[in-house]
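Worksheet: one structure, shown below.
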Amino acid sequence: MNVIETTGLTKYYGKARGVIDLDLGIQQGEVFGYLGPNGAGKTTTIRTLLDFIRPTRGQATIFGLDTRQRSREIRQRVGYLPGELALYDKMTGAEVLRYMAYLRGGVEWKHVEGLAARLSCDLSRPIRTLSHGNKQKVGLIQAFMHQPELLVLDEPTIGLDPLVQQEFYRLIAETKAEGRTVFLSSHILPEVERVCDRVGIIREGRLIAVEDVATLKARALRRLEIHFAAPVPQEAFARLEGVRDVTVDNGVMRCTIVGTVDAVIKAAAQYTVVNVISHEPSLEEIFLAYYSGGESHAAQCIP
Amino acid sequence: MLRNVFLKTLRDQRRALLWWAVGIVGLAFYLALLYPSIRDNAATYDRILKAMPETLAKTMIGDFGSYGSPEGYLNSSLFFMAAPLLFLIYAISVGSGAIAGEEEQGTLDLLLSNPLPRWRVVVEKFVALVIGTLFLALVQWLGLIVGAVAVNMQISSGRLAEINLSCALLGLAIGTLALAVGCLRGDRSLSVGVASTVGVAAYFLNSLAASVKSLEPYRKLSFFYYFIGADPLKNGLDAGHVAVLVGVTLVLLAVALVVFERRDVAV
């Protein structure tokens, strides 16, 4: 049974598109990255799962419970970080967390203190005096403090400084090691690459791909640069299958390759090769390939 | 004070409530201290009031018999306009802040992510509104009693309690309207706008209807009529009028619960 499952989940705000026909399945114990640019529908999906907004059609379950009918039980077992986190300005971090803890029916305070220490978060200061990053830490503590079975985190690392981000990644790793599940949205690709097992890519309200991070990388476009001892003709490479954007500049051939590099290497072998430079595709490029809706177009986007 | 939504809502208001209490007691003392000079010149004041155009007098200070009597004086100078106005302002600000306020500040997401049903949040915030309003009525009552004793004003503390309770019920009805509008649409200014328009219209409808014949049949549509129409300071609370104010409040609360349960919460 999937921890989160949506079937045909669709949300329109009036006529404005939120998400369309979303079929998602998040497995127990995985870290799932929900990737897309701002406005793609990530927050809409998450807020539908928590029953803050109601689907136009389709449905969703969490722990097998319907998100419309059994939301209270679901929320008991979920830790949530809102995308645009707002906390009570006049309260201190500790007061906000105490309030949230009481509403949850009690939380072991040592967990709160442990998390605050790890994220170096000063809980004694009023929220209004905190920077965005420090507020975000209070939000994260709030999401983790009751050790929920499922964490739903909307853009969790926004505003965190790099050291705290590292600590956050460790927290995610520990959560996964304990068999708990994490669903996080992001538009920061290296982050998803780093912490997630699987990635769902959402574009203009539609889920356009769900892949293992490893598969995504394998399917990616690669940029290859071959240095030759002498100038080579462009035609030697331009017509090869899966190869595009070939430029030859004074004995340096650059191209973009989909899939295997075999054909290019074999073609290059006819000449004297000085050096081969292969660029590992970033998730950014992978994302572009999906996001721009066609591989040819994607290739043009790559400098 | 952080144990639940109800206590936390009161806690948020603790400073505001203190200042409201100071203001209300101050007004009560001021009016009490003014009373002896009015009592001593009651005949003059009544003559002046008689000379005023009837509509103006009835609209601005009401029609409560002699201005020099304790009941007439307190009704005209405090309960006819000033006190209900204060209670309306308090109740509307709290009622509109309850859901719409949190929604506009963006804290509602976090609050609702806890394992609470939505209705529970609304009910707890409503109860905080009730307690806050009753607290102010209690403060006003005590302030008036102390003031009355100080200047030897002959007035029944029981009747005073009744008019103050009536004032609180009026505030609650309009405050719950503000809460309900906030539950319908998370827009605080809309909530304040609708509730204050209804409040002010109710005031004028009730007071104008006392002298404008054509409005008389509509007087019973005014919240203010049920607040002071039966003169609780002189005659005690009218059970029917109390029932109307309480009934309207409960209906509005029910509406608030239903509409908030159904709608999408804004980011």
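Assorted remarks:
- Taking 0.36 nm per residue of separation and subtracting the current Cα-Cα distance, fully stretching the chain between A:Asn275 and A:Ile208 would add 20.4 nm.
- 10 Å Cβ neighbours from other chains, averaged over peptide A:103-113: 2
- For B:Met52, A:Met91, the sequence from fewest to most other C-beta atoms within 10 Å is B:Met52, A:Met91.
- Computed over neighbours whose Cβ is under 14 Å from that of A:Pro233, the net charge equals -1, Lys and Arg +1, Asp and Glu -1.
- Within the shell of other residues whose beta carbon sits under 15 angstrom from the beta carbon of B:Ala32, the net charge comes to -1, with Lys and Arg scored +1 and Asp and Glu -1.
- Potential lengthening of the chain between A:Glu113 and A:Thr56 amounts to 16.4 nm, from the contour at 0.36 nm per residue minus the alpha-carbon distance.
- Average beta carbon contacts from partner chains per residue of B:103-112, 10 Å cutoff: 6
- Length added when fully stretched, B:Val146-B:Glu261, from 0.36 nm per residue minus Cα-Cα: 36.9 nm
- Under the Debye formula (equal points on every Cα, no solvent term), log10 I(q)/I(0) of the range B:123-267 at q = 0.12, 0.13, 0.19 Å⁻¹: -0.57, -0.66, -1.15
- Beta bridges per DSSP, both residues in chain A: antiparallel share near 70 percent.
- What the Cβ-Cβ distance of B:Glu216 and B:Ala254 gives, at R0 = 35 Å and to the nearest 0.05, is a FRET efficiency of 0.70.
- Dipole of the protein assembly as shown computed with +1 at Lys/Arg Cβ and -1 at Asp/Glu Cβ about the Cα centre; of B:Leu142, B:Ala180, A:Tyr271, farthest Cα towards the positive end is B:Leu142.
- Of A:Lys15/A:Lys42; A:Lys42/A:Lys135; A:Lys110/B:Lys125, those spanning more than 23 Å from alpha-carbon to alpha-carbon: A:Lys110/B:Lys125
- For chain B, the longest principal axis of the C-alpha atoms and the axis of helix B:42-51 are separated by about 80°.
- Dipole of the protein assembly as shown, positive end: most advanced residue of B:Gly72, B:Ala43, A:Ala143 [Cβ charges, Cα centre]: B:Ala43
- Trypsin sites (Lys or Arg not before Pro) within the range B:1-104: DSSP coil, no more than 15 neighbouring Cβ in 10 Å: B:Arg3
- The magnitude of the dipole of the protein assembly as shown, with charges of +1 and -1 set on the Cβ of Lys/Arg and Asp/Glu and taken from the Cα centre, is near 1280 debye.
- Taking Cβ atoms as reference points and 11 Å as the exclusive limit, the residues near A:Arg128 contribute a net charge of +2, counting Lys and Arg as +1 and Asp and Glu as -1.
- Sorting B:109-116, A:157-164 by average packing, meaning the other beta carbons within 10 Å per residue, from highest down gives B:109-116, A:157-164.
- Under Karplus coefficients 6.51, -1.76 and 1.60, residue-wise ³J(HN,Hα) of the range A:137-142 in Hz, glycine/proline x: 5, 4, x, 5, 4, 4
- Chain B, helix-only ellipticity at 222 nm - DSSP H runs n ≥ 4, -39,500 (n - 2.57), divided by all residues, nearest 500: -24000 deg cm²/dmol
- Of the GluC sites (Glu not before Pro) found in the range A:58-167, those in coil by DSSP whose Cβ has at most 12 other Cβ atoms within 10 Å are A:Glu84, A:Glu108.
- Think of each Lys and Arg Cβ as +1 and each Asp and Glu Cβ as -1; about the Cα centre, that makes the dipole of the range B:28-110 roughly 620 debye.
- Placing unit charges on the Cβ atoms only, positive for Lys and Arg and negative for Asp and Glu, gives chain A a dipole magnitude near 980 debye about its Cα centre.
- Beta bridges per DSSP, both residues in the protein assembly as shown: antiparallel share near 70 percent.
- Note on the range B:5-262: along the principal axes its Cα atoms extend 64, 43, 29 Å, ordered by decreasing extent.
- Mean residue ellipticity, 222 nm, helices only, chain A: the sum of -39500 (n - 2.57) across DSSP H runs of n ≥ 4, divided by residue count and rounded to 500, is -9500 deg cm²/dmol.
- When the alpha carbon coordinates of the protein assembly as shown are projected onto the principal axes, the ranges are 121, 53, 44 Å, largest first.
- Residue (of A:Gln27, A:Val199, B:Tyr226) at the positive-pole extreme of the protein assembly as shown, dipole from beta-carbon charges: B:Tyr226
Since every read-out is calculated from the coordinates, none of them should be taken as a lab result. Since we're looking at a predicted model, the values are computed, not measured. Every residue, glycine among them, receives a Cβ derived from its backbone with ideal geometry; neighbour counts consider all protein chains shown.
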